[in-house]
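Q: I am attaching a structure below and will ask some questions about it afterwards.
We did not get these values from a lab; they are worked out from the coordinates using the rules stated. Because the structure is predicted, anything quoted here is derived from the model rather than measured. Note: ideal-geometry Cβ built from the backbone for every residue, glycine included; neighbour counts use all protein chains shown.
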Amino acid sequence: MKKYIAEFIGTFILVLFGTGVAALTGGNIIVTPIAFGLAIVASAYAIGNISGCHVNPAVSLAMLINKKLSVKDFFGYVIAQILGAFAGSGVLYAIFKATKIGTEALGANGYASLSATEITLWGAILVEIILTCVFILTILNVTSDESKGNIAGIVIGLTLMFVHILGIPFTGTSVNPARSLAPAVLTGGDALKQVWVFIVAPLVGAIIAVAIFKFLNNTKKLKK
């Protein structure tokens with residue numbers, strides 16, 4: 001149970017600070033990536049030793065496929081992550097409602113009219129698959145090397161910043177179904193209609209990342 005509580009807390013932190021800064025700054029291409037990256041670093045060192053700090057269903061799926069997470073824990077993690085995301089978005093909703101900002105912007109992802117570049121549906125899917133693949137491939141590699149345990153949180157945080165810099169103008173950058181679902185549900189409208197993209201594409205990206213990871217590591221073993 002402690003692992004699930006940890007995932008709830010970590011995802012709460014990520015969504016509260018990440019999407020909060022995104023909403024406050026209009027998705028600023030510099031400040032928003034920093035907020036998401038630092039949120040992951042903070043969460044990693046706060047709960048990493050308890051749950052591994054997945055805070056992302058796509059990461060948990062990758063760990064499940066890679067046999068680093070049981071089926072039971074996978075479902076427990078995902079439920080905790082979704083609840084944590086809704087808690088984070090709920091707190092933002094309450095805070096924004098008490099200001100002149102209003103509750104229309106909660107950091108939801110989107111394409112077409114909801115995208116700064118008006119990227120198409122298929123463009124958004126491609127972007128999210130690639131960004132998630134890069135992000136999770138990094139996670140798989142850095143967490144597979146015990147000698148990098150002390151810096152894993154920093155590396156993962158920097159990588160999340162890295163993918164956000166490219167992704168923000170296109171989709172707002174999801175790479176995390178839980179992070180996308182909560183703001184979309186509370187925002188409603190087109191954000192909710194489009195949220196399936198930001199659930200499916202990151203999961204596909206995670207599967208591809210695991211396939212690449214296994215291929216590269218099997219190649220290393222053969223060379224040895």
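Q: Divide by every residue of the chain the summed helix terms, -39500 (n - 2.57) for each DSSP H run of at least 4, and state the resulting mean residue ellipticity at 222 nm, rounded to the nearest 500 deg cm²/dmol.
A: -24000 deg cm²/dmol
Q: Turning to a different aspect of this structure: How high is the relative contact order of the range 45-183? Use alpha-carbon pairs under 8 Å, at least six apart in sequence, and give a whole percent.
A: Rounded, it is 34 percent for the range 45-183.
Q: Taking Cα atoms, how many degrees apart are the long axis of helix 121-144 and the longest axis of the chain, rounded to 10 and kept between 0 and 90?
A: For helix 121-144, the angle is close to 40 degrees.
Q: For an R0 of 45 angstrom, estimate the FRET efficiency from the Cβ-Cβ distance between Lys67 and Glu104 and round to the nearest 0.05.
A: Using R0 = 45 Å, I get an efficiency of 0.55.
Q: Rg and Dmax of the range 48-167, using alpha carbons, in Å: what are they?
A: 16.7, 48
Q: Hey, what angle do you get for helix 31-51 against the long axis of the chain, alpha-carbon based, 0 to 90 degrees rounded to 10?
A: 50
Q: With labels modelled as points extended 7 Å from the Cα through the Cβ direction, what inter-label distance (nm, one decimal) is found for Val91 paired with Ile212?
A: If labels sit at Val91 and Ile212, their model points lie 3.3 nm apart.
Q: Based on the Kirkwood radius over alpha-carbon pairs, what is the Stokes-Einstein translational diffusion coefficient of the range 2-223 at 4 °C with 1.567 mPa s viscosity, in µm²/s?
A: 76
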